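All remarks here apply to the structure that follows.
The values are calculated or read from the model by the stated rules, or taken from the named source; none is laboratory data. Only a predicted model underlies this, so the values are computations on that prediction, with no experimental measurement involved. Just so you know, the surface numbers come from the protein's heavy atoms only, side chains and all, with ligands and any DNA or RNA stripped out. Shrake-Rupley method; radii C 1.70, N 1.55, O 1.52, S 1.80 Å.
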Amino acid sequence: QETLKELRKNDRRLKELAFQTEEDRKNQQRLQDLSEKLQAKLKVYKRQVEEAEEIAALNLAKFRKVQQELEESAERADLAESQLTKLRTKNRSSVSVGRASSHDIQETSTSIRATSTIRASSVRQR
């Protein structure tokens, strides 16, 4: 009777351990699946970060190019203004030239403004 009692006790303990082992195996499988899903998400996020970095690098290169073009345009505008100032000064000093020089200066000024406007609008469009 003692032996039967001990046998039942050990049998119950064996069933509990088998059940616990099965639960642990299921949990381990769930954790493995979760780990694989997280690894896949991590790969996707890394790829997205790389793509975003590439786009940022392209945008930065475009920005620098446009900024350089803007600086060059500003330099050309400054040069044109200084030339215009020289022409105006020259016109004022030579009274004998009269209306013809004034007309040339106005045409030059108008041409410079038009060129600056066209270049500025082309820089904005880029």
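Tabulated data
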| item | result |
| --- | --- |
| Separation between Cα centres of the range 1-17 and the range 32-70, rounded to whole Å | 62 Å |
| Rounded if a/c under 1.5, otherwise prolate or oblate - the range 21-74, Cα gyration tensor axes | prolate |
| Accessible-area value, residue 94, 1.4 Å probe, nucleic acids and ligands omitted, Å² | 40 Å² |
| Gyration tensor (alpha-carbon) shape descriptor, the range 1-96, a/c threshold 1.5 | prolate |
| Aspartates and glutamates with Cα under 13 Å of residue 15, excluding same-chain neighbours fewer than 8 positions away | 23 |
